[in-house]
Amino acid sequence: MEIGVVGKPNVGKSTFFNAATLAGAEVASYPFTTVNPNRALGFVRVPCACRELGVTCNPRNSKCIANDRFIPVELIDVAGLVPKAHEGRGLGNKFLDELRRASMLIHVVDASGGTDAEGNILPPGSRDPLEDVRFLEEEIELWFLNIFKRSWDKVSRKVQYEGKDFVKYFEEMYVGIGFEEKHITQAVREAGVNTEKPHSWSEEQLFSFVKSLRQASKPIIIAANKSDVDAAEENIKRMRGELQSIVIPTSSMGEYVLRKLAEEGAVRYLPGDSEFETISIEKISEKQKAALRIIERNVFARFGNTGVQQCINAAIFDVLQKVVVYPVEDEVKFSDKNGNVLPDAFLMDRGATPRDLAFKIHTEIGESFIGALDARTRRKIASDKPLNNGDIVKILVR
């Protein structure tokens, strides 16, 4: 599972990426600072089951800090997208190719309206950020369209004259872009197209299918960045009112400052917190003190948080509909065979079953699966029962 961090140049994509991962991607106030994609781990933050159980956990695949579990997810920061990227302009082809396997996208938008279509600096309020949202979605959709057009005759012939099932064959043809059967089925339904005669689709029908397919396979949430700039507040209200996407006010620079100061022991702060505590004033420079005052006044007071952690959580839980499940081997101690309490936290699809969890742990465990127990109640769970968020599960094997 990979989340793409996207947007036009110079809107704070790499700052968002660094704030979420502390990976150190290059940042500068000019377009195309990012040429090659940066990959690193961010985290979703959830209350850890140890809080409810009153135990001390020993995580292996995640972190537990102050009774909150931080579960890793992969983020990719790609080159900025400019108009006509689907035709190869700028670093368009490179940008789009890097997003083939992304499960969804976080679109970082300059909510202050302080950058033009190319990413050049303008006075705040000069550009409507809604234009950036629409242009990026269209560029991705036109990229899809170009790919499909190159092989549409083949797809049409196989379906209409050789009896291939459209959905299954389409998935097979474009597996490298990350389409799943459910995405294609949803797009067919929403576009209202006849899958028995794709050769007869009009240009308008094909683009309608492509648009629905993009929405299903590469859903987008909006990180309304630079929210600390005064001009951003009204733009954020408009974006929330006019867009169907989730829009989250974001101060990537504010989050980055807080995380670096926390790493240096100057403040106490966890990603997603709505406040920070100064613990070593001598470690904070005058410039950083000024930044903290802006964060308190223009970010926390207005929006409650910097929004970076909230974007990741929204991507995983609200859009991708994941649930957190804790597998254990000892249902009494909530531990693995080595005594590690709540050792792992897995992100599972909503609707996943105990059998799915068994395969997630290891293929051999999945193949040996005979049942599962709810570790809280010690009761057996039906093999086909959907798991709930926060479940603690013991897998039974033969």
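Worth a mention:
- The set of residues in region 369-388 being out of contact with any Phe, Trp or Tyr (no Cβ under 8 Å at 6 or more places or on another chain) and either under 23 Å from ILE316 (Cβ atoms) or in a loop (DSSP other than H, G, I, E, B) (or both) consists of ARG376, THR377, ARG378, ALA382, ASP384, LYS385, PRO386, LEU387, ASN388.
- Candidate set: region 173-187, residues that are at pLDDT 90 or above and surrounded by fewer than 19 Cβ atoms within 10 Å (Cβ to Cβ); chosen: the one farthest from the chain's Cα centre (by Cα): THR185
- Of all the criteria given as (1) touching a residue at least 60 places away in the same chain (Cβ under 8 Å); (2) closer than 30 Å to SER126 by Cα; (3) more than 19 Å from the chain's Cα centre (by Cα), the one not satisfied by ILE221 is (3).
- Selection count where residues are within 18 Å of LYS211 (Cα to Cα) and either touching a strand residue (DSSP E or B) at 6+ places or on another chain (Cβ under 9 Å) or not charged (D, E, K, R) (or both), scope region 152-172: 4
- Test: residue in region 295-307 that is touching a Pro at 6+ places or on another chain (Cβ under 6 Å) and not assigned by TED's automatic domain parsing to the domain that holds LYS226: no
- Residue within region 132-154 that is buried (at least 18 other Cβ atoms within 10 Å of the Cβ), without any contact (Cβ under 8 Å) to a residue 40 or more places away in the chain and not aliphatic (A, V, I, L, M) present: no
Condition check ((1) in contact (Cβ under 8 Å) with a residue 40 or more places away in the chain; (2) surrounded by 19 or more Cβ atoms within 10 Å (Cβ to Cβ); (3) outside the structural domain of VAL299 (by TED's automatic domain parsing); (4) closer than 26 Å to HIS107 by Cβ) across all residues:
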| position | (1), (2), (3), (4) |
| --- | --- |
| GLN160 | no, no, yes, no |
| PRO198 | yes, yes, yes, no |
| GLU203 | no, no, yes, no |
| VAL210 | yes, yes, yes, yes |
| SER227 | yes, yes, no, yes |
| GLU234 | no, no, no, yes |
| LYS237 | no, no, no, yes |
| SER251 | yes, yes, no, yes |
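- Among residues of region 164-182 that are within 14 Å of SER217 (Cβ to Cβ) and touching a residue at least 40 places away in the same chain (Cβ under 8 Å), those with a beta-carbon under 8 Å from a residue that is of a type outside the set (S, T, N, Q) and surrounded by fewer than 19 Cβ atoms within 10 Å (Cβ to Cβ) at least six positions away or on a different chain give the pairs GLY176/ARG100; ILE177/ARG100; ILE177/ILE147; GLY178/ARG100; GLY178/ARG101.
- Members of region 222-250 found to be out of contact with any Cys (no Cβ under 8 Å at 6 or more places or on another chain), in a loop (DSSP other than H, G, I, E, B) and of a type outside the set (Gly, Ala, Ser), listed by number: LYS226, ASP228, VAL229, ASP230, LEU243, GLN244, ILE246
- Residue among ILE361, ILE392 that is within 16 Å of ASP330 (Cα to Cα), among the β-branched types (Val, Ile, Thr), crowded, with 19+ Cβ neighbours inside 10 Å and under 29 Å from the mean Cα position of the chain (by Cα): ILE392
- Screening VAL325, VAL319, VAL341 for residues that are in contact with a Lys or Arg (Cβ under 7 Å, 6 or more places away or on another chain) and surrounded by 18 or more Cβ atoms within 10 Å (Cβ to Cβ) leaves exactly one candidate, VAL341.
The values are calculated or read from the model by the stated rules, or taken from the named source; none is laboratory data. Note that the structure is predicted; figures quoted are calculated from it, not measured. All Cβ positions, glycine included, derive from the backbone under ideal geometry; neighbour counts span all protein chains shown.
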